[in-house]
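The next block holds one structure in the form of structure tokens; read it before the comments.
The values are calculated or read from the model by the stated rules, or taken from the named source; none is laboratory data. On a predicted model such as this, the values are computed, not experimentally measured, just so you know. For neighbour counting, all protein chains shown are included, and Cβ atoms are generated from backbone atoms with ideal geometry for every residue, glycine included. For the accessible areas, the whole protein counts, side chains as well, though only heavy atoms, and no ligand, DNA or RNA atoms are used. Shrake-Rupley method; radii C 1.70, N 1.55, O 1.52, S 1.80 Å.
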Amino acid sequence: MIGTEIPTEVNAVFRHFRVCEFTTLSRDGTPVTWPLVARFRPERMQFLLTASIGFPQKAFNIRREPRVALLFSDPTGSGLSDPPAVLVQGVAEAPDRVVTSVEGLEAYWRDSVFRRQPFSKTFSAFPYLRRLMDWYYMRLLILVTPRAIRWWPAGDFRQPARILEVPGEG
């Protein structure tokens, strides 16, 4: 799985898009979608997302039904010209652990949050603000392993998708 070659244009979307539309399934099977920051970790062939402890429904849904989807369809702010729309279908895990520190997640916060949402840096720039905003850094991790990646060149959904199946382990 780790040796899977991601096409260059798809990899650019994973690196530069500010958010994706993240979909889980509710208890009755209804798809529920939220905009989220996703960090692709190619060395693990995995996406890292987080959920605030104040909004744990994503984690609850994943623990009940691990099938999820990430749709990268809005290139606003990415700097990319005519990028493909990319749909990642995969399985997720949401460990039952609250992360209370940025330790070990520095790249996520730096690249995925502060760079893509520059105003959020204001809250961590001053020690007193960090103390007031400590709840913001209390997160539930969401790890998504792709099983299929579909993309539509230039975001044209009228065309058939190109498909990359990602072999699973086990």
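Mind counting the residues in region 80-96 that are touching a helix residue (DSSP H, G or I) at 6+ places or on another chain (Cβ under 6 Å) and not aliphatic (A, V, I, L, M)?
Taking region 80-96 first, the residues touching a helix residue (DSSP H, G or I) at 6+ places or on another chain (Cβ under 6 Å) are 80, 82-86, 92, 94.
From what is left, the residues that are not aliphatic (A, V, I, L, M) are 82-84.
Qualifying residue count for the region: 3.
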Problem - Residue count, region 42-59 (criterion: under 10 Å from L143 (Cα atoms) and open to solvent by 20 Å² or more (accessible area, probe 1.4 Å)) - result: 1
Practice task
Determine which member of the set T24, T4 is surrounded by 13 or more Cβ atoms within 10 Å (Cβ to Cβ), of a type in the set (S, T, N, Q), in a loop (DSSP other than H, G, I, E, B) and at negative phi.
Solution key: T4
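Here are V10, V98, V102, V19: which of them is modelled with pLDDT of 95 or more and among the β-branched types (V, I, T)?
On the way: V98 fails: modelled with pLDDT of 95 or more; V102 fails: modelled with pLDDT of 95 or more; V19 fails: modelled with pLDDT of 95 or more.
Checking each option against the conditions leaves just V10.
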Fill in the blank from the handout: If you go through R44, R97, the only one that is closer than 15 Å to V144 by Cα and either without any contact (Cβ under 8 Å) to a residue 24 or more places away in the chain or not hydroxyl-bearing (S, T, Y) (or both) is R44
Exercise for the section: Please verify whether region 50-67 includes one or more residues that are out of contact with any Pro (no Cβ under 7 Å at 6 or more places or on another chain), under 20 Å from W151 (Cα atoms), in contact (Cβ under 8 Å) with a residue 24 or more places away in the chain and outside any loop (DSSP other than H, G, I, E, B). Expected result: yes
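Give region 60-91 a look and list any residue that's small (G, A, S) and either at pLDDT below 95 or open to solvent by 70 Å² or more (accessible area, probe 1.4 Å) (or both), or say none. Let's see the steps before the verdict.
Quick first cut of region 60-91, residues small (G, A, S) only: 69, 73, 77-79, 81, 85, 90.
Once the filter is applied, which keeps residues that are small (G, A, S) and either at pLDDT below 95 or open to solvent by 70 Å² or more (accessible area, probe 1.4 Å) (or both), region 60-91 yields G77, S78, G79, S81.
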Practice task
Looking only at region 41-50, decide whether some residue is modelled with pLDDT under 95 and within 22 Å of G155 (Cα to Cα).
Solution key: no
